[in-house]
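Comments concern the structure below.
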Amino acid sequence: MEETISLQEIFGIIKKRFALIVTSMFIGLGVSAVLTFMVMTPKFSSSTQLIVKLPRAAEGTNSNVNDVNFNLYMITTYKDFITTSNTLAESTQEIVARDTNFKGTAGDIQSMLQVTQEQNSQMFSIKATYTDPKIAQAVANTAAQVFQEQAKETLEVDKVSIIAPAPLNVTPISPNNKLNLLIGLVLGLMVGVGFSFLAELLDKTVKDDKFARDILGYSVLGTVPEMTAKELSGQVVQKPIETANVRTNTTTDNAASQTRRQRNRV
């Protein structure tokens, strides 16, 4: 037989297991707080803006439009050059290690760098992300300077201009504390509700006469009302036997016996 559950029964289960749900929510919030503030390492980012100018094309029709379109197309090449070039990464690593306490490798420099561009814009940004804000700033600025030098020789560009150097950003970009705490709270709520329904599903006790009638196939002859805690803890008190009446009856029997013995003697 297919079992269905009504909306009222769902709210009943939630109300019955409300303490479990709230406890699960606080556990999820606590776990996310520990991971966010004690386990995860904050990361900082800093970015510098550049613009690259290629040599002008030969004079002709729509030469300015072609120059702009070609410059936009070449930004993809600049991205690959900045993020994958071993020469740029090695030069950046040597300069940053000399000027700061950075102990990473050229591979670490490549993993730190990211190139972003606004749509249809000839400007792009070199962004560096690291656990130390000063090193992130140094890597972004150094990578821009190295690119400015190497791009003229390797890519044959006309001019590379650094529009804005990378500032020192002491505000971490990750982890997102509020979002992590909210995720932990929601996950705790979901786990609590799931355990509540699971506990109700595994509970095989008879809760109403409908279970005995529909599931077990028994006929219900009567029901016993739910007893209170006081009634369940009550004890049957047995009254003591009245010894006075017993003694009176015993005395009466003794007197009758003496009378009978006297009559027999006579």
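Each reported figure results from applying straightforward, stated rules to the coordinates on display, with no laboratory input. Just so you know, these numbers come straight off a predicted model, no measurement behind them. Because the Cβ atoms are built from the backbone with ideal geometry, glycine has one as well, and the counts that use them run over all protein chains shown.
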Next item on the list: Output ³J(HN,Hα) for the stretch 170-182: one whole-Hz value per residue in order, computed from phi by the Karplus curve 6.51 cos²θ - 1.76 cosθ + 1.60 with θ = phi - 60°, and x for Gly and Pro.
Entry: 9, 8, x, 8, 8, x, 7, 4, 5, 5, 5, 5, 5
Note to self: For Lys134, Lys15, Lys230, which order do you get if you count the other beta carbons within 10 Å of each Cβ and list the fewest first?
What the structure shows: Lys230, Lys15, Lys134
Check: Which log10 I(q)/I(0) values, to two decimals, does the stretch 44-164 give at q = 0.09, 0.13 Å⁻¹ under the Debye formula with one point per Cα?
Finding: -0.25, -0.50
Check: What's the FRET efficiency of Leu201 with Leu179 using the Cβ-Cβ distance as r and R₀ = 35 Å, to the nearest 0.05?
Finding: 0.60
